[in-house]
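Here's the structure, in structure tokens; my notes come after.
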Amino acid sequence: MTELRRQLATVTHPIAFYMVDSSTKLGKTSLTPTVTLSKNGGTFNAAAGAVTELGSGWYQLAGNATDRNTLGALIVHAAATGADASDSLYEIVDYDPYAALGAYAGYGSLVGVAALAQMWTRNGIWVNTVPAYGPTAEVKGTNPSLTQVTTWLTGLTAMVDIALAGEGFTVPIVQATALETTNMFVDSLVADLCHAANSSGRLYAAKVIERGLSPLILVNQQISNWAKEWTAGFRRLGVPWSQQPVEPAFTVEARRQP
């Protein structure tokens, strides 16, 4: 669904729309379409971007920062004499959807998580829901959504850095081999959370529920154990290490009643 999203206040990636002849219903050329926009449920106003013809009934609205200055649904309405009106729904987001698969700066990636939790994606892509406005139907997002998966990646990156810092390492990890391992570890944890969000996987097992543990508590345990288990290997790889590890003040096990 990348093609239905545009980044806030950008001028790249124009919006294409198709115009058909009112009588023949075939693509109509040589039109001068008038394009109006509704931003996040607001009233329709003239688009600021220039409209050009591509051919075979296709036209495009050039990217314009003014047209994309409001987060949320963007309804594009194009009308021209002798042609049926064309309506399309886009979503204005606060990230670059065309770079989303490779632009994440923390450990793991949207692509890596999707590879391990393919069944919950839409053709390998995490998608947010685009609300319905007027005659345009809602575009249903994935479960979990793009926003949720990104939030988990960000949160687990912080948790992994804290755990590694507790073992005495300088973070973030940049040594190539150690970084690849860390990325794979975070991808697997986020994939587990994706499965749990759909009431499946090891974090949603009956035993886990019976013990009253949330998925994130278990993930925290695994991160702590992982950091300790990989300390020797990371040090041999030359990952910067500056001080003796610090023992945690408490653990999940320590807080349990006998």
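Can you spot a residue in segment 176-185 that is at pLDDT below 95, part of a loop (DSSP other than H, G, I, E, B) and in contact with a helix residue (DSSP H, G or I) (Cβ under 9 Å, 6 or more places away or on another chain)? Within segment 176-185, not a single residue is at pLDDT below 95, part of a loop (DSSP other than H, G, I, E, B) and in contact with a helix residue (DSSP H, G or I) (Cβ under 9 Å, 6 or more places away or on another chain).
For segment 16-39, the criterion of being at pLDDT 95 or above, in contact with a His (Cβ under 6 Å, 6 or more places away or on another chain) and under 21 Å from V139 (Cβ atoms) is satisfied by at least one residue. Selection of segment 51-72 for residues being more than 18 Å from Q7 (Cα to Cα) and either surrounded by fewer than 15 Cβ atoms within 10 Å (Cβ to Cβ) or hydrophobic (A, V, I, L, M, F, W, C) (or both) yields V51, T52, L54, G55, S56, W58. The residue of segment 73-102 that is surrounded by the most Cβ atoms within 10 Å (Cβ to Cβ), among those that are at pLDDT below 90 and either farther than 29 Å from L37 by Cα or acidic (D, E) (or both), is E91.
Does segment 85-101 contain at least one residue that is over 14 Å from R5 (Cβ atoms), out of contact with any strand residue (DSSP E or B) (no Cβ under 9 Å at 6 or more places or on another chain) and of a type outside the set (A, V, I, L, M)? Walk me through how you get there before you give the answer.
Initial filter on segment 85-101 (over 14 Å from R5 (Cβ atoms)): 85-87.
Okay, now just the ones that are also out of contact with any strand residue (DSSP E or B) (no Cβ under 9 Å at 6 or more places or on another chain), so none.
No - not one qualifying residue is present in segment 85-101.
Listed by first and then second residue, the pairs linking a residue in segment 155-182 that is in the same structural domain as P215 (by TED's automatic domain parsing) and at positive phi to a residue that is part of a strand (DSSP E or B) and not basic (K, R), with Cβ atoms under 7 Å apart and 6 or more places separating them unless they lie on different chains, are G168/W241. All conditions in (1) surrounded by 15 or more Cβ atoms within 10 Å (Cβ to Cβ); (2) at pLDDT 95 or above; (3) closer than 24 Å to A9 by Cβ hold for N45, with the sole exception of (1).
Within segment 103-124, the set of residues being at pLDDT 85 or above and hydrophobic (A, V, I, L, M, F, W, C) comprises L110, V111, V113, A114, A115, L116, A117, M119, W120.
The values are calculated or read from the model by the stated rules, or taken from the named source; none is laboratory data. None of these values were measured; they are calculated from a predicted model. Positions of Cβ are backbone-derived with ideal geometry, glycine not excepted, and every protein chain shown enters the neighbour counts.
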